[in-house]
Every structure is written in C-alpha cells, then in structure tokens.
Amino acid sequence: MKPLFIETDNGNVPIENKVKEKYNLEKGTTSPFTGERILGKSGDFTKEIHEEPKTLDNIVKEEGVVENEDGVMLTQSEIIDLSHGEDSYQ
C-alpha cells in the first residue's frame, strides 16, 4: 500500500495503513475528519483514476443518443419531443 499523508500547517503527517483501509482513504481526496487534503509521498494531490475513460461509443450506448445519417445526434427525449412537435422546458 502506497504511503499517504495529511497536509497540515505544520507539515505532512503520515497516515497509518489501518486507518487508510478502514476509511478507504485515497490520494487526491480530503480527510473525513479535518477536511485537510490527502497527499501522496511526493506531496502530489492528483487523484488516481481507477476506471477506463469513456469513449463516445460507450456514452452513446449508455445515454441513448441516436445518430442519423446526416451526423446529427439526438437523445431519445429529443426524438420524442420532435415527433410530438414539442420542446422540453428546463
């Protein structure tokens, strides 16, 4: 397990492994108790990404966006609005 530290005015304080596991602490987040930043060993605050970035194809499948032959992309709600001759109000 990589070492983590809490950023304080008096310097960075190391976090014990038991505490990291118990509270699921990660670099790039804040402490649930003090609100201070949780840093990596080099003082890095960048959060590590644990999932693959979304591609346009996956976004289209997840959000129900349809692309017609002209390259116009419409969501399902937009298609329904057009078929009813209406517009969504937000």
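The values are calculated or read from the model by the stated rules, or taken from the named source; none is laboratory data. These numbers were taken from a predicted model, which means no experiment stands behind them. A quick note on method: Cβ atoms are made from the backbone with ideal geometry, for glycine too, and the neighbour counts reach across all protein chains shown.
Brief remarks on what is shown
- Residues in the range 1-14 that are among the hydrophobic types (A, V, I, L, M, F, W, C) and under 14 Å from residue 45 (Cβ atoms): 4, 5, 6.
- When 34, 46 are checked against the criterion of being in a loop (DSSP other than H, G, I, E, B), at pLDDT 75 or above and surrounded by 10 or more Cβ atoms within 10 Å (Cβ to Cβ), a single residue qualifies: 34.
- Look at the range 10-21: where a residue is assigned to a helix (DSSP H, G or I) and a partner is loosely packed, with under 11 Cβ neighbours inside 10 Å, sitting 6+ places away or on another chain with Cβ atoms under 6 Å, you get 17/1.
For every residue, the table says whether it meets (1) touching a Ser or Thr at 6+ places or on another chain (Cβ under 6 Å); (2) at pLDDT below 85; (3) not small (Gly, Ala, Ser).
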position: 24; (1), (2), (3): no, no, yes
position: 27; (1), (2), (3): no, no, yes
position: 54; (1), (2), (3): no, yes, yes
position: 59; (1), (2), (3): no, yes, yes
position: 76; (1), (2), (3): no, yes, yes
position: 85; (1), (2), (3): no, yes, no
position: 88; (1), (2), (3): no, yes, no
